[in-house]
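Each remark here refers to the structure printed beneath this line.
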Amino acid sequence: MKKGWIRWALLAIVIIASIAAAFFLTDSREQVISINATPFDVMQKLTDSNSYHLWLPEKFNHQVTLRQVSASTVVLSTYDNQDSIHYTFEIIPVTRDHACEVKIAGSPEKQTLYKLKALMEDPAWRYGFEIRPVAVSDSLILTLQRVGQREKSDSIANVLSQSLYKTLKQLPGEEMPGYCFVSKVSLANGLVETAVGVPVKKRPAQAGESKVLALPSRGKLLVGKSSLEKKSSLQQALNNYIYDQRMKRVAVVMDKFPVRDGAIIRDPKQELEVIVPVY
């Protein structure tokens, strides 16, 4: 009876040890990191032997052997006088735009992973959307604005855009570009102030009810791009970017919509630019 218990105890120990070994082997020798960059861009950086000194531990920077074994897998071997490491990188596409995952076998240290992720990520996509600071290009904006109920703000924006289209046709040397800027400011009692603007080459002498918004030519804009249906997520990403970079918003947020014959085109799948004046 006692021997039976001993056998069961030994068997239990073996099973527990096997499970623990499998867990620690998987957890420590294989890691997956998410990268905000295309699989193609990641592969380009993984196969660039000149970039390894930016993320490998310093003692392994001198002897690097690189082998691309498939379209999505790279094997790296490196050593010094006392030690060696071997990493296998597998690039895994994901459904999200401009993103992928990289599975890494070879027990990389956390600091190594942080450096590798920073190197491979496209800085403009670090927040999940394409976000770039750009200089002001359209410095004179002819604008019209109107206050109305929130649910009618899109219709109001379209009316204002068509009115600007007619105004521009009467101004020498001016024409409606293929886009307009739309801003909305919430007021009390469910009202919204909607403004629409289009760039002009020079300040018009007479432009009816419209006004000219002058942006400083040396100003900076933060531009984010997404589909119209993902606008709220893009706005949150822009807020995070501004906070992390210690920027300050200096004017209302504008949406850049495509325009055809003065009519604003709204398609949930179309690309939308959200523009934030910052400094």
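Listed values, structure above:
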item	result
Qualifying positions in segment 226-279 - of a type in the set (Lys, Arg) and modelled with pLDDT under 95	Lys230, Lys231, Arg246, Lys248, Arg249, Arg260, Arg266, Lys269
Residue satisfying all of: in segment 204-225; buried (at least 18 other Cβ atoms within 10 Å of the Cβ) and more than 21 Å from Leu238 (Cβ to Cβ); modelled with the highest pLDDT among these	Ser210
Subset of segment 228-279 (residues that are in a helix (DSSP H, G or I) and within 28 Å of Glu175 (Cα to Cα))	Leu228
Members of segment 148-197 found to be out of contact with any helix residue (DSSP H, G or I) (no Cβ under 7 Å at 6 or more places or on another chain), under 23 Å from Val136 (Cα atoms) and in a strand (DSSP E or B), listed by number	Tyr179, Phe181, Ser183, Val185, Ala195, Gly197
Single unsatisfied condition, Glu109 versus (1) acidic (Asp, Glu); (2) at pLDDT 90 or above; (3) not assigned by TED's automatic domain parsing to the domain that holds Leu222	(2)
Residue match in segment 177-192 (condition: under 19 Å from Ile156 (Cβ atoms), touching a Leu at 6+ places or on another chain (Cβ under 8 Å) and small (Gly, Ala, Ser))	no
Scope segment 168-183; condition closer than 24 Å to Ile275 by Cα, free of Cβ contacts under 8 Å to residues at least 60 places away in the same chain and surrounded by 15 or more Cβ atoms within 10 Å (Cβ to Cβ); matching residues	Leu168, Glu174
Enumeration of residues in segment 246-267 that are more than 23 Å from Pro177 (Cβ to Cβ) and either touching a residue at least 24 places away in the same chain (Cβ under 8 Å) or touching a strand residue (DSSP E or B) at 6+ places or on another chain (Cβ under 7 Å) (or both)	Met247, Lys248, Arg249, Val250
Options Lys103, Lys117; residue that is crowded, with 17+ Cβ neighbours inside 10 Å, modelled with pLDDT of 85 or more and either assigned to a strand (DSSP E or B) or not hydrophobic (A, V, I, L, M, F, W, C) (or both)	Lys117
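The values are calculated or read from the model by the stated rules, or taken from the named source; none is laboratory data. The model shown is predicted, which means the values in this text are computed figures rather than measured ones. Cβ coordinates were reconstructed from backbone atoms using ideal geometry, including for glycine residues, and neighbour counts include every protein chain displayed.
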